[in-house]
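Here the structure comes first, spelled out in structure tokens, and everything after it is commentary.
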Amino acid sequence: MQTLASAARAIGSLPLDLRHGRVVSVRGALIEVEGLGGAAQIGSRMSIETGSGVLAAEVTGFESGLAQCLPFSDPQGLMVGTAAWLEASSFAVRPCDGWLGRMVDGLGRPIDGKPPLPRGPEPQPIKASPPAAAARARVGRRIETGVRSLDLFVPLCRGQRLGLFAGSGVGKSVLLSMLARWTECDVAVIGLIGERGREVQEFVEDDLGPEGLARSVVVVATSDEPALMRRQAAWTTMAIAEHFRDRGLNVLCLMDSVTRFAMAQREIGLASGEPPATKGYTPTVFAELPRLLERAGPGLPGQGSITGLFTVLVDGDDHNEPVADAVRGILDGHVVITRRIAERGRYPAIDLLKSVSRTLPHCLETEQNDTRLAARRVLSTYADMEDIVRLGAYKAGSNPDVDNAVAIAPRIETLLTQGKGDRGDMKQAFATMAQLVEGGDEDAL
């Protein structure tokens, strides 16, 4: 009896098992689970039984003692009363050099049909804080992108974060592919968030190519995947980039697109009961955007850097819509790609007068900056008078500045026109543009 009593006391002192629960409600994409009070946390990973297997999900909120979860895949076959259990309080990936040349999903699982991924020695949390503002290094030297429009007018520096703002169908993805192949870096981490499924292989095989893929990790979440997976893919992209940065490497992080990350967060917020705000975007959208984007940039002294290039799909070509406006205020510069320039056949269709790099003028040499400013003045003068000149209402000789712009601006446009396979040379481009603005050799092009 004494033995049974001591055993009973020992059993009574053990904590209750709060790691298992059951599904009590399914409302749209939202799954409510009871029995996890005191154990589940925001961000906890869960597994839920379904008729077709085990469904991975994440805890996104709580209400009336119920854990509210969203699934990472289609919840087909889910029923009320099925078992659910906690897997971990947070999610992490274990990247290493063996991930280079591979394609993974938002959970870090291989999707390229190749052997399983090796596991790195240290877990990398997918949701991490950026380096402390007072401790992180400053933006580094200028790097060459191979895109003449950017190298001449919107230069990119190591550790800088630049946004590519464009409507649909104006060459944003093509520009991103050029930057992925040509921009100086040790490692590239590319997040394709909410992209068309048919374009993934085209991007990897045609745009990135074998050489580009060999130095890259590609994270993919297509548009048909649940909102939670699309958001997760953006976080996983940054976590992989942070792993290589912490090893002292200079990382190029490309994300296409931040807008679809924001849309995924809006779906998650609305499903969890958040009130819609501007254009239906919930408050957490504007809280999560800086948390995601601030993770790019220089690391601590002795670490590497993450140079971030983020595309923003502007709604209805409105560059002041809520997501574009919020992202523009966070990043270190913005590149505006306009339909008007694309329609006249100049690619990349970058509006140079509306694009800004916040590392200017310090990242350029004095002579290069003088050439850039002179060319901007020419293009600005021509833009002001373009319609009058085309209508034939301007009389040559009326204004020397306009005469100069009419002669030079089309030749600058020709210099900036670039195809997918035409890699630019920054020094040669500056020399050519200097000849043009100084009225030099007519054969400079």
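The values are calculated or read from the model by the stated rules, or taken from the named source; none is laboratory data. What you see is a predicted model, and the numbers here were worked out from it, not measured in a lab. Positions of Cβ are generated from backbone atoms using ideal geometry, with glycine treated the same way; all protein chains shown enter the neighbour counts. Accessible surface is based on the protein model in full, side chains and every heavy atom, while ligands, DNA and RNA are left aside. Shrake-Rupley method; radii C 1.70, N 1.55, O 1.52, S 1.80 Å.
Of all residues in the stretch 124-135, those satisfying the criterion of being under 20 Å from Arg45 (Cβ atoms), open to solvent by less than 40 Å² (accessible area, probe 1.4 Å) and either among the basic types (Lys, Arg) or part of a loop (DSSP other than H, G, I, E, B) (or both) are Ile126, Ala128. Helices (runs of 4 or more DSSP H) fully within the stretch 346-445 that include at least 2 residues being of a type in the set (Val, Ile, Thr) and open to solvent by 60 Å² or more (accessible area, probe 1.4 Å): 366-391. For the stretch 20-31, the set of residues classified as closer than 18 Å to Gly273 by Cα, at pLDDT 85 or above and open to solvent by 20 Å² or more (accessible area, probe 1.4 Å) consists of Val24, Ser25, Val26, Arg27, listed by residue number.
Candidates are the residues of the stretch 60-108 that are more than 23 Å from the chain's Cα centre (by Cα) and among the β-branched types (Val, Ile, Thr); the one that is least open to solvent (accessible area, probe 1.4 Å) is Thr82.
What pairs can you find where one residue is in the stretch 107-123 and outside any loop (DSSP other than H, G, I, E, B), the other is open to solvent by 60 Å² or more (accessible area, probe 1.4 Å) and at pLDDT 90 or above, and their Cβ atoms are less than 7 Å apart, with a gap of 6+ or different chains? If the second residue must be open to solvent by 60 Å² or more (accessible area, probe 1.4 Å) and at pLDDT 90 or above, the pairs left are Pro110/Pro116. When we screen Ile341, Ile337, Ile306 for residues that are of a type in the set (Val, Ile, Thr) and either farther than 20 Å from Ser173 by Cβ or open to solvent by 40 Å² or more (accessible area, probe 1.4 Å) (or both), the only hit is Ile306. Restricting attention to the stretch 196-245, the residues that are farther than 21 Å from Phe72 by Cβ and of a type in the set (Ser, Thr, Tyr) add up to 1.
Given the criterion of a type in the set (Lys, Arg) and open to solvent by 50 Å² or more (accessible area, probe 1.4 Å), identify the matching residue among Arg138, Arg148. Please lay out each step first, then the result.
Values: Arg148 fails: open to solvent by 50 Å² or more (accessible area, probe 1.4 Å).
Every option except Arg138 fails the conditions.
When Ala233, Ala221 are checked against the criterion of being buried (at least 24 other Cβ atoms within 10 Å of the Cβ), among the small types (Gly, Ala, Ser) and not in a helix (DSSP H, G or I), Ala221 stands alone in meeting it.
Asp332 - would you say it is at pLDDT below 95 and surrounded by fewer than 17 Cβ atoms within 10 Å (Cβ to Cβ)? No.
On the given criteria, is Val218 β-branched (Val, Ile, Thr), out of contact with any strand residue (DSSP E or B) (no Cβ under 9 Å at 6 or more places or on another chain) and farther than 22 Å from Lys427 by Cβ?
Working: β-branched (Val, Ile, Thr): yes; out of contact with any strand residue (DSSP E or B) (no Cβ under 9 Å at 6 or more places or on another chain): no; farther than 22 Å from Lys427 by Cβ: yes.
Answer is no for this residue.
The residues of the stretch 289-337 that are among the polar types (S, T, N, Q), within 29 Å of Ser216 (Cα to Cα) and either part of a helix (DSSP H, G or I) or more than 18 Å from the chain's Cα centre (by Cα) (or both) amount to a single one, Gln303.
For the stretch 159-187, residues that are farther than 22 Å from Glu242 by Cβ and open to solvent by 10 Å² or more (accessible area, probe 1.4 Å) total 8.
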